[in-house]
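The values are calculated or read from the model by the stated rules, or taken from the named source; none is laboratory data. Just so it is clear, the structure is predicted and the values come from calculations on it, not from any experiment. All Cβ positions, glycine included, derive from the backbone under ideal geometry; neighbour counts span all protein chains shown. These accessible areas exclude ligands, DNA and RNA; they are computed on the full protein's heavy atoms, side chains included. Shrake-Rupley method; radii C 1.70, N 1.55, O 1.52, S 1.80 Å.
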Amino acid sequence: MIEFGDLQADLPSYQNSGALVVDNVLPLAKGYKSLAGFQALSGTGLSNAAVGLFTSFSASGSTNYAGDRSKLYQMDSSLVFQDKSKAGGYNNSTTENARDFWAFTQFGSNIIATNFADNIQKFTEGTSSAFSDLVALKAKYIAVIRDFVVAGYTNESGTVYNQRVKWSGLNDSSTWTPSQATQSGFQDIVGSHGNIQAIVGGESAGVIFMEKAIYRMSYVGVPLVFQFDKIADNIGAFAPKSVASYGNMVFFLAQDGFYKLTGGQQLTPIGNGKVDNFFFDDLSSNLDGITSAVDPNNSIVVWSYRGSGATGTTNNKLLIYNYAVDKWSTGSGQDLEFIASASQEAFTTLESLDVLGDLDNLPKSLDSYFYKEGIVGLAGFNSANKFGKFIANSLSATVDTTEFEGAKGKRSTLIECRPIVDGTTNTTVTVTPITRQSQLDTTSTGSAVNTNDTGTCPLRSTSRYHRIRVSVNGNFDTMSGVDIEARPEGGR
């Protein structure tokens, strides 16, 4: 069997140990599994395009919050986002390359949100009916580090501090005046590092991403309160919303490609020689539109972006990394404005299941935990500003084999191909031969051939170099590779 290899779109096709095309699937240790499509769950959308999504957790369960350029919302039990904005609303900028995103965090029962255009907001769960000003301070980024709320890239009384990190009092999110007594304070990370791009919180330390540097922010107590140690120089976050974290891992896009930061210390390039060049070649110039999220159900981190074929401001592509097995894949044909990790209400009645469409074609059994309340997974908003999750039918998948010789050093004819796909009677599998006579030739793509009753595809494809493209429509579990029968041919 020729196994499907890793996505290595940056490498030459011949004897590439992986594949050039691995689309609309999720990586496994061996082969790939289906990628569920995006399913809108809210019947009505936000007033404008979403620029923020967050899930809070409390004794009563999980709750989703969202923001657009003028409002903040809380999702109700009917999956409708209710306006919880302060009087007068908000003033986010959404002009090209100057988008103000909402950043959220949770501090006790307080949901805290900031967008840089307005004062930092708070909503006390179980008490508040609307968001209100937490403090007369504006900031682009916010997180909780140890027992402090930490803000970055601030606007204080009209003066912008693009390299400032400012934190609240100890266990007091309402106190921001620097004081040894409360331990509130600030630190300007001065240097040629560019702007602060993101803050990742943590129990004992946090990580500050700048454009050209990364710092670890560790609690040391008075008088310094926090100590700032440089982790990396000349490497930082290329796009603010490309930063996503899970456990002790932080994933992000730098100017030279994708990285993983582990334990606040170990920096590893994860896209080099695999997808970095592919991504930058495919990416449009709209860096502010890149968003990211972690889906712990599948051990993946996902970046949503505008690639080739995109129209308007909608993201049409996904880049997917399985951090458990160090493998990549892509997603295409998307219609997304924003992605994040978020929960959902449970599908507990027949009426609530209607939104999922054809129940016979769902990728998982309805008994699966996947459809229960509070399950955090890959979520987002589509171009209709509607909230949803990736829980619909499997997307149409396409995976190529590596380029190979059917007979060593000779032209060969591929007699038949058996795709190894674990599907159902409703799954349609086709095989397409891709060939060329010389490494100097462009490839020639043949016609797609359906599998017959025995599960094989007759080909009769003659050339020197071969590649097999397997396309799957309908739900399936895994796709592993192809079995090939080849006959050597004479030269010509």
Discussion item. Going residue by residue through the stretch 68-82, is there one that turns out to be among the hydroxyl-bearing types (Ser, Thr, Tyr) and farther than 22 Å from residue 101 by Cβ?
Written reply: yes
Item to complete: Mind listing whichever residues of the stretch 421-438 are over 24 Å from residue 488 (Cβ atoms) and in a strand (DSSP E or B)?
Response: 421, 422, 423, 428, 429, 430
Fill in: Tally, over the stretch 235-257, of residues that are hydrophobic (A, V, I, L, M, F, W, C) and either assigned to a strand (DSSP E or B) or in contact (Cβ under 8 Å) with a residue 60 or more places away in the chain (or both)
7
Worksheet item: Considering only the stretch 146-178, how many residues are open to solvent by less than 40 Å² (accessible area, probe 1.4 Å) and more than 19 Å from residue 213 (Cα to Cα)?
Response: 10
Worksheet item: In the stretch 6-16, which residue that is out of contact with any Leu (no Cβ under 8 Å at 6 or more places or on another chain), touching a residue at least 12 places away in the same chain (Cβ under 8 Å) and farther than 16 Å from residue 270 by Cα is surrounded by the most Cβ atoms within 10 Å (Cβ to Cβ)?
Response: 16
Worksheet entry | Some residue of the stretch 475-483 being modelled with pLDDT under 95 and out of contact with any Gly (no Cβ under 8 Å at 6 or more places or on another chain) | no
Worksheet, complete the sentence: Within the stretch 132-189, residues in contact (Cβ under 8 Å) with a residue 40 or more places away in the chain and of a type in the set (D, E, K, R) come out as 133, 140, 146
Discussion item. For a quick check of your reading: which strands (runs of 3 or more DSSP E) sit entirely within the stretch 258-316 and have at least 2 residues that are in contact (Cβ under 8 Å) with a residue 60 or more places away in the chain and over 27 Å from residue 217 (Cβ atoms)?
Written reply: 300-305
Worksheet entry | Residue list for the stretch 442-482, restricted to those being basic (Lys, Arg) and either out of contact with any Lys or Arg (no Cβ under 6 Å at 6 or more places or on another chain) or free of Cβ contacts under 8 Å to residues at least 12 places away in the same chain (or both) | 460, 467, 469
Worksheet item: Which of the following residues is of a type in the set (Val, Ile, Thr) and either under 21 Å from residue 17 (Cβ atoms) or surrounded by fewer than 18 Cβ atoms within 10 Å (Cβ to Cβ) (or both): 428, 432?
Response: 428
Worksheet item: In the list 93, 78, 70, 109, which residue meets the criterion of being surrounded by fewer than 19 Cβ atoms within 10 Å (Cβ to Cβ), farther than 23 Å from residue 383 by Cα and not aromatic (Phe, Trp, Tyr)?
Response: 109
